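Working notes, beginning with the structure itself.
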Amino acid sequence: MDDLGDRIRSLRKNHGLSMAKLAEAINVRSGNISDWENGNSNPSTMNLLALSTFFNVTSDWLLTGKETNIINPLLSYELKNLTETDKRDLDIFLEFLKLRREKNNHGVTYKEKINAVYKNNLSTIAREEPAVYLPVLGDIATGVPIESIEAYHGDISNSFIIRARGENMIDADIEDGDLVIFKVQPMVENGEIALVNVNGKATIKYIYFNGEECELRSANPEYPPMKYPMDEINIIGKFVEVLEHK
C-alpha cells in the first residue's frame with residue numbers, strides 16, 4: 001500500500017464497510033472518506049486518531065505504513081497543545097469509538113464497558129429504544145456565540161452532548177459547566193431552547209421567530225436579547241435535558 005489513502009481504503013474494505021458506514025462510525029461525512037482515500041485531503045489529527053482507534057492500528061502505521069517508536073511530530077505538537085477540556089473530551093470520544101468498533105466486530109456492546117464509560121461522561125440515555133451512546137462534542141457558550149462545532153459531521157442516533165459555558169441560561173436550569181443533551185434537527189417550535197449557529201459560531205438560547213428575523217433570548221434577565229436576520233442563523237439541535245450538573 002503506497003499511501004495513507006490506500007491504507008484507509010484497505011482497512012475499510014477488509015472490515016466490510018462502505019464509505020457511509022465508516023463515516024457514521026467515526027462521525028464524519030462520507031465525502032471526507034472519499035477525499036482521504038483518493039488523496040484529495042488528509043484527516044485532521046482528531047480524525048486520524050479516530051481512524052486508528054476504530055481500526056485498532058497505530059497512527060504511525062496509517063501515516064507511513066510502518067510501525068515506529070518515534071511519535072509523529074505534528075501529532076505530538078497538536079496533542080500537547082490541547083486544553084484540559086479538549087483532552088478529556090478526546091478521551092471520551094476515543095473510548096466511544098472503541099465501543100463502536102466492538103459493536104461492529106461482535107454485534108453486541110458489553111454492559112460492563114458501557115457502565116465504565118458512563119462514569120467518564122460518555123452517557124447512555126434510557127428510553128423505550130435501546131441505549132444510545134452520545135459523544136461529548138465540546139464547550140458551547142450560553143452567552144455571546146463562541147466556537148463552531150461544524151467540524152463534527154453527523155451524530156450518533158441524532159443526539160449529542162455539549163458542555164455549557166456561561167450564566168445566561170441559569171433560569172432554565174442550564175448552568176456553567178453542565179453537560180447538556182441536544183437532538184439534531186433543523187427547526188424548533190417558537191420559544192423552545194435550541195443550539196444555534198450564528199454566522200459560524202454556536203450558542204444556547206430560547207429562540208423566537210418573527211417573519212424574516214429571529215430573536216435569541218437568555219434565561220437570565222441581566223442579559224438582553226439578540227436579534228438576527230433568519231439567513232444568519234442555523235439551528236443545530238433542540239434541547240432535550242441537562243444530563244449532569246457540574
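Read-outs: derived from the displayed coordinates by stated rules, not from any lab. Note that the structure is predicted; figures quoted are calculated from it, not measured.
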| message | Quick query: amide H of residue 192 versus all other amide H atoms, modeled in the peptide plane; which residues come in under 5 Å with a sequence gap of 5 or more or a different chain? | response | 207
| request: At 0.36 nm per residue, minus the direct Cα-Cα distance, what do residue 30 and residue 241 gain on full extension? Give it in nm, one decimal, please. | output: 73.0 nm
| In sequence order, what are the phi-derived ³J(HN,Hα) couplings for the stretch 4-17 according to the Karplus relation 6.51 cos²θ - 1.76 cosθ + 1.60 with θ = phi - 60°, rounded to whole Hz, with x for glycine and proline? | 4, x, 5, 5, 5, 4, 4, 4, 4, 5, 5, 8, x, 10
